[in-house]
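The values are calculated or read from the model by the stated rules, or taken from the named source; none is laboratory data. Only a predicted model underlies this, so the values are computations on that prediction, with no experimental measurement involved. Ideal geometry is used to build each Cβ from the backbone, glycine not excepted, and the neighbour counts take in all protein chains shown. Ligands, DNA and RNA are excluded from the accessible area calculation, which covers all protein heavy atoms including side chains. Shrake-Rupley method; radii C 1.70, N 1.55, O 1.52, S 1.80 Å.
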Amino acid sequence: MKYNQAEINYNQLLIKANKSPLLIRATLTVILLICILIPIAATYFLISERKGPHIGIVLSFFLFWGIGFYLLRIILWNTFGREIIIFEKDKILYEADYRFFKDGKQTISTENIEVVAVPTEDKTDNLALLNFSNGQQHIDTVLKVSLDKMRNIAQEINSRY
C-alpha cells in the first residue's frame, strides 16, 4: 500500500494525497458531466416546446449544479489534494488545497500548542493523523500518513514551539 506523503520544508508542512484509481475518477467525471448537462437539456426542451421559463428550470440548475460542484471537489481532492500547514511565529495556518481552489482555512495560536500524532482506529494499517491543540482551539489533519513519520513531524513541530 502506498502511503500519503508528508514533508516539512522550512516553515510549512505539506501532506499530499495519493491519487484514487483512474476508473473511480473517470466514473465521477462522467456523473459530473451528466449533472452539468441535465439542466441545460431540460431548458432547451422547454424552450423548444414554447412552454416558457419555469421555476423548475431554476431549481434544476441549483440542484444539479450544486451536486456537480460537490463532485468536482471530490474529483479534485482525489487527484490533486493536499494539506498545507504554515508555521508562523505566533500562529499556525491550515488549508486544504484542491489545486484550483483552497478551502477549510483555519488558524490556531501557538501559545501552549501541543502537536500529537493520533493513530487511526485500525491498528493494522499503522497510519496516523496530526492534531494541533492549544486548549481552546484545535486543528486535525485529514490525510493519513505512516505513524512513525507523523510522530517525527509532531516531535519536530513541538520542538519549534
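With the radius of gyration and the Kirkwood radius both derived from the Cα set of region 33-110, what is their ratio Rg to Rh?
1.28
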## Note on the structure
Labelled set (1) 1.10; (2) 0.94; (3) 1.15; Rg/Rh (Cα atoms, Kirkwood Rh) computed from this model equals the value at (3)
### Task
May I ask for the angle, rounded to the nearest 10°, between helix 147-160 and the longest principal axis of the chain, with both axes built from Cα atoms and the value confined to 0 to 90°?
70 degrees
### Message
If I build a Gaussian network model for the chain, linking alpha-carbon pairs within less than 10 angstrom, which residue out of N131, N18, N112 has the largest mean-square fluctuation?
### Response
N112
### Message
From the phi angles alone, apply the Karplus equation (6.51, -1.76, 1.60; θ = phi - 60°) to region 100-110 and give each ³J(HN,Hα) in whole Hz, x where the residue is Gly or Pro.
### Response
9, 7, 10, 8, x, 5, 9, 10, 9, 6, 8
### Task
For the chain, with a Gaussian network of springs between Cα atoms less than 10 Å apart, report the residue from K105, K51, K19 with the top mean-square fluctuation.
K51
#### Entry: Estimated vicinal HN-Hα couplings, Hz - region 64-70 in sequence order (Karplus 6.51, -1.76, 1.60; Gly, Pro = x)
6, 6, x, 4, x, 5, 4
### Summary
In region 108-161 the accessible area split gives carbon plus sulfur, as whole percent at 1.4 Å, a share of 43 percent
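Taking region 108-161, which GluC sites (Glu not before Pro) meet the DSSP loop condition and have no more than 16 other C-beta atoms within 10 Å?
The qualifying sites are E111, E121.
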